[in-house]
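The values are calculated or read from the model by the stated rules, or taken from the named source; none is laboratory data. These figures come from a predicted structure and were not determined experimentally. Cβ placement follows ideal geometry from the backbone for every residue including glycine, while neighbour counts extend to all protein chains displayed. Accessible surface areas use protein heavy atoms only, side chains included; no ligands, DNA or RNA. Shrake-Rupley method; radii C 1.70, N 1.55, O 1.52, S 1.80 Å.
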Amino acid sequence: MTDWDERFASGEYPREPEPSPVLRSYEPSIPDGRALDVAAGTGRNAVFLAEAGYAVDALDASREGLKIVGERAAERGIGDRIEPIRGDVSTYGFPSEAYELITVSFFHTLDRFADLAEALVPGGYLFVEGHLRSDSSTPSGPSDDRYRFAANELLRAGLGLTVLYYDETAQERPDDRRRATARLLARRSTGGRQSYPARPGGDAIDE
C-alpha cells in the first residue's frame, strides 16, 4: 500500500472530516449539477456535496481513501451520487467544461490550476483551500513549505476567474494543532459587470 493508503486504513486520518465553512456557507448559491472533488481523501467535500444533491466525481490516488468515501456514501444512502475515480491528480486528464463546481482541499496543485478552470462550465465555481506558510508555529499540515501557499499565491492563481471570496487565516484547533489556511472561491466568468452571490451572514465561515 502507498503511504496514504496506510494512513487511511489505519485511521490516522479522520474518516469524516468536515467540509470548509466557506464551502458550506456558499453552496446554496452555487448551481446544482455535476461536481468534482480533487484529492478527495475520505470524502471531506464529496460526501457533503452528494448530500446536497450534486452528482460527484471523487478523484484520488488512494484506493483506501476511495473505499472509505464509498462506505460513507452508502451509510447515508447517497452511493449512487458519487463516482470514485482512482487517478494521479498531477497527470489526470480533466474533461473540458464538465463541472458546475470543483473543490480542492489541502492538496497543493497550482500547476493544474488552468486545467481545473478549463474543466468548469461557463459560470462554474472553483473552491480551493490549502495550508499557508506562516512565521508562527503551525504543527498541522506539511512540514515542507513547498506544499504550502505563500502569501497571496492562491489569490494570484485565481485572478483569471472572478474571485468571490478569499482569505488567509490562522485557526486554533484541538491538541494545539494550529493551522494557517488560504481559501478561495471563484467563478469562471468575465466582464466588467457581473452578478455576485450575497456573502453569507453571521460568523459561520470563520469557524
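Quick check on E118: is it in a helix (DSSP H, G or I), modelled with pLDDT of 95 or more, surrounded by fewer than 17 Cβ atoms within 10 Å (Cβ to Cβ) and not aliphatic (A, V, I, L, M)?
yes
So P28 clears everything in (1) touching a Lys or Arg at 6+ places or on another chain (Cβ under 8 Å); (2) surrounded by fewer than 23 Cβ atoms within 10 Å (Cβ to Cβ); (3) within 23 Å of R188 (Cβ to Cβ) except one condition, right? Which one?
Against the list (1) touching a Lys or Arg at 6+ places or on another chain (Cβ under 8 Å); (2) surrounded by fewer than 23 Cβ atoms within 10 Å (Cβ to Cβ); (3) within 23 Å of R188 (Cβ to Cβ), P28 comes up short only on (1).
I'd like to check something: does the range 112-126 contain any residue that is touching a strand residue (DSSP E or B) at 6+ places or on another chain (Cβ under 6 Å) and without any contact (Cβ under 8 Å) to a residue 60 or more places away in the chain?
No, every residue in the range 112-126 fails to be touching a strand residue (DSSP E or B) at 6+ places or on another chain (Cβ under 6 Å) and without any contact (Cβ under 8 Å) to a residue 60 or more places away in the chain.
Go through A35, A50, A58, A46 for me and flag whichever is in contact with a helix residue (DSSP H, G or I) (Cβ under 7 Å, 6 or more places away or on another chain), at pLDDT 95 or above and within 25 Å of S195 (Cβ to Cβ).
Only one candidate qualifies: A35.
Taking the range 64-102 as the search range and keeping residues that are closer than 19 Å to R7 by Cβ and in contact (Cβ under 8 Å) with a residue 60 or more places away in the chain, which one is most open to solvent (accessible area, probe 1.4 Å)?
Among those residues, the one meeting the criterion is E64.
Would you confirm, using the coordinates I've provided, whether T2 is at pLDDT below 95 and surrounded by fewer than 17 Cβ atoms within 10 Å (Cβ to Cβ)?
yes
Name the residue that is modelled with the highest pLDDT, counting only residues in the range 153-171 that are among the polar types (S, T, N, Q) and open to solvent by 40 Å² or more (accessible area, probe 1.4 Å).
So in the range 153-171, the residues among the polar types (S, T, N, Q) come out as 162, 169, 171.
So of that shortlist, the ones also open to solvent by 40 Å² or more (accessible area, probe 1.4 Å) come out as 169, 171.
Working: T169: 86, Q171: 74.
Once the filter is applied, the top-ranked residue is T169.
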